[in-house]
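Take a look at the structure set out below.
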Amino acid sequence: MANTPERAPRTVRYIKPLGPRVLVRVLKIDDRSSAGLYLPEGVGEKHHDALYGEVVEVARAEEADQPGLGRNVSGVPLGAFVLFPKSEGLRVPWDDGLRLLEVASLHAVVEEVEPDALQ
């Protein structure tokens, strides 16, 4: 049997936002025009001033008497959908789909509801 070199275990990175910041995964918006035509990749994003994303981690305060993740101090709920300027935020070097944003950079929290719920 030939000797095969052992691979080093893969590193997993966990980002913990500090201060009033959140980690957002940028979501792709439907790539169709209002007329229903499919747009080439990237064309739609060039014409938008804002990006749409989901908050995947928030700044937390760890409390000595409660082990675990800690209490959300960002003011933005985990899992919220948000709008923010495409020029804002720090891009995460190892994942282009992630942005670290200050809460003040967020322009809106977006609620997704079924059309039937609006009647």
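Read-outs throughout are calculated quantities, based only on the coordinates presented, and are distinct from any laboratory measurement. Every value quoted in this text rests on a predicted model; they were computed, and no experiment measured them. Here the Cβ positions follow ideal geometry from the backbone for every residue, glycine too, while neighbour counts run over all protein chains shown.
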**Complete:** Placing each pseudo-label 7 Å from Cα in the direction of the beta carbon, Asp96 and Val110 end up separated by a distance in nanometres of 2.0 nm
**Prompt:** Seen from all sides and averaged, what is the projected area of the convex hull of the Cα atoms in segment 53-112, in nm²?
**Reply:** 5.0 nm²
**FRET efficiency estimate (nearest 0.05) - Cβ-Cβ, Ala8 to Glu88, R0 25 angstrom** = 0.10
